[in-house]
1. How large is Rg over Rh for region 47-109, taking Rg from the Cα atoms and Rh as the Kirkwood inverse mean of 1/r across Cα pairs?
2. How large are Rg and Dmax for region 96-187 when only the alpha carbon atoms are used, in Å?
3. Roughly how many nanometres apart are two label points built 7 Å out from the Cα toward the Cβ at residue 129 and residue 68?
4. Between 198, 77, 137, find the one with the highest GNM mean-square fluctuation for the chain; connect C-alpha pairs within less than 10 Å.
5. Which whole-number value in Å³ per residue fits the convex hull of the alpha carbons of region 130-247?
6. According to a simple spin-label model (label point 7 Å from Cα along Cα-to-Cβ), what is the distance in nm between residue 78 and residue 61?
7. Using the per-residue mean of other Cβ atoms lying within 10 Å as a proxy for protection, in what order, highest first, do the peptides 152-165, 82-95 fall?
8. Send over the Kirkwood Rh of region 112-162, from the inverse of the averaged 1/r over different Cα pairs, rounded to one decimal Å.
Ligand SMILES: [Zn+2]
Ligand SMILES: [Zn+2]
């Protein structure tokens, strides 16, 4: 039998929803009798990334190809990560949600992002030994107040919190934002920007790296190369979004 306090809470929730109806976390449309925090029309706008994909970098194949295989770029230069996957393209409404998370510290976007990520297969990442968010430099972290990659890691791997670690991989050098740089500039900007603090911990371990956006992949490549040099056996990358222009 349910306790009285349970019924009181339910009653309070129902009255609260009546006075302040829940709103879609993207468009603020009122949600009637909805258990999720994003409306159906916003959810339908999400551009999910489905197979066929490059087995390694996760690049989406267009046209006639209907099975996963390794893309030409990965065949020529094998990246330091064994696989990279993203949930959706960096288009609306994901773009706005991530922007609000990153630049406005708006954690009300976490529930809609969780709903968007709900059907994604996280199993290849959950089985890793450690889950590491791509780190911010300590100065930027203090200025921003939070690392959006850590927020996403906690969202994606709520059941594997013990594996999430923010101390192993650090940003040892302050870098400028990648957004205004071209590809060579991005490479120079993150070169040797990361460090592993405890090589013995990552030795022979499979690492899952989490970030918000996969643009050129240069940042996660640099992180993955740093982890491999420190002794990790494999690095897998998962990001919320992927920029279509580069992929
Ligand atoms: Zn909406
Ligand atoms: Zn590829």
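Read the figures in this text as sums done on the coordinates, not as results from a lab. None of these values were measured; they are calculated from a predicted model. Glycine also receives a Cβ, built like all others from the backbone with ideal geometry; neighbour counts cover every protein chain displayed.
1. Working: Rg = 14.9 Å, Rh = 13.4 Å.
We get a ratio of 1.11 for region 47-109.
2. Every Cα atom of region 96-187 included, Rg and Dmax give 14.4, 38 Å.
3. The modelled label-to-label distance comes out at 2.3 nm.
4. Of the options given, 77 has the highest mean-square fluctuation.
5. Numbers: hull volume 11.9 nm³, N = 118.
Cα-based convex hull of region 130-247, divided per residue, equals 101 Å³.
6. A separation of 2.0 nm, rounded to one decimal place.
7. On the way: 152-165: 17.1, 82-95: 20.7.
Ranking the peptides 152-165, 82-95 by packing returns 82-95, 152-165.
8. Numbers: mean 1/r = 0.0823 Å⁻¹.
For region 112-162, inverting the mean 1/r across all distinct Cα pairs yields 12.2 Å.
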